[in-house]
Every structure is written in C-alpha cells, then in structure tokens.
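Beneath this line is the structure, given in structure tokens, with notes to follow.
The values are calculated or read from the model by the stated rules, or taken from the named source; none is laboratory data. Predicted, not measured: the structure shown is a model, and the values here were computed from it. As a convention, Cβ positions derive from the backbone with ideal geometry for all residues, glycine included, and neighbour counts pool all protein chains shown. These accessible areas exclude ligands, DNA and RNA; they are computed on the full protein's heavy atoms, side chains included. Shrake-Rupley method; radii C 1.70, N 1.55, O 1.52, S 1.80 Å.
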Amino acid sequence: MTDCLFCKIINGKIPSDKVYEDKFTYAFRDINPVASTHILVIPKIHVNGLNDLKIENIDIMSKLTLSAQEIINTEGVKENGYRFVINSGMDGGQTVSHLHLHIIGGRKLKWPPG
Ligand code: 5GP
Ligand code: ZN
C-alpha cells in the first residue's frame, strides 16, 4: 500500500534502524521504545492486522515468529525473557494499520498491561 507508513519503511522511502531482514519480513527499532529492546517485526506484504489473517495467509505469523526468534538471540534477551505483542484495533492500541509484532525486552515487564 503506497500510503502505508510501514510499507514506506520496507521500501526505504522512510528511514529506519534495521535489525533484521529476510525474504518475507523486515525488522527495525521502534521510534519510541518502551524498553532497551523494542523492535517491530513486519511482513513485507501489506496486511492491516490480526483481523485480516486467514488460512490462506496464516504463514505470515510463522514467518514473523521465526524472524523474532532470530532477533531475541542477537538482542541477548532470550534467556532473561521478553514479550511478543500484537496490538489490534482501537481498544488494543493499534496505531499503524500494517501488521506488526513488537519484541519488548531488557527489563522486567509488568502484567497485566495498562
Ligand atoms: P502500535 O501502537 O500500532 O501497536 O505500534 C506502532 C508502533 O510504531 C509504535 O510503538 C510507534 O512508536 C512505532 N512507530 C510509529 N511510527 C514510526 C516510525 O516512523 N518509525 C519507527 N521506527 N517506529 C514508528
Ligand atoms: Zn503496509
């Protein structure tokens, strides 16, 4: 989608602090980090969010997860722990309509979320 912020990040029209990339996914540091590790992992194809996943494209979730597993290794948060978060819709706090997995780690996280 040409007017999508994260599509523009993928194609380099908007700069980002890239941490990982493969054929299917792209990952970069969140511009407003909530912990020392705060990375967004996104599919290279545009999907609005969780509501748009179905049997035909559910492999997107596997690819995001595998990429995120690489990143928790290189970030050094695997042992102490981390959180994968996908916000959905207004109540879920989703602000960008391109599916993204937050990897948050590097400190003790609170539960439940606010
Ligand atoms: P959401 O609130 O939709 O779950 O997450 C969107 C995230 O994208 C937020 O954490 C926000 O800080 C981040 N974000 C928004 N615009 C940009 C940007 O231009 N660059 C980067 N690196 N992160 C962004
Ligand atoms: Zn997009």
Next item on the list: Rank these residues by their accessible area, most exposed first, probe 1.4 Å: 2, 65.
Entry: 2, 65
Item checked: For the chain, radius of gyration divided by Kirkwood radius, i.e. Rg to Rh on alpha-carbons -> 0.94
Next item on the list: Enumerate the calculated ³J(HN,Hα) couplings along segment 56-69 in order (Karplus 6.51 cos²θ - 1.76 cosθ + 1.60, θ = phi - 60°), each rounded to whole Hz, writing x wherever the residue is Gly or Pro.
Entry: 6, 10, 5, 4, 4, 5, 4, 5, 4, 5, 5, 5, 5, 5
Check: Between residue 52 and residue 91, how many nm apart are label points set 7 Å from Cα along the C-beta direction?
Finding: 2.2 nm
Notebook entry, point to check: With each run of n ≥ 4 DSSP H residues scored as -39500 (n - 2.57), what mean residue ellipticity at 222 nm is computed for the chain after dividing by its residue count and rounding to the nearest 500 deg cm²/dmol?
Noted result: -6500 deg cm²/dmol
Check: What nm distance separates the two modelled labels at residue 111 and residue 29, each placed 7 Å from Cα along Cα→Cβ?
Finding: 2.8 nm
Item checked: In sequence order, calculated HN-Hα J values of segment 14-28 (Karplus, 6.51, -1.76, 1.60; Hz; x Gly/Pro) -> 10, x, 8, 8, 5, 10, 6, 7, 9, 4, 10, 9, 9, 9, 8
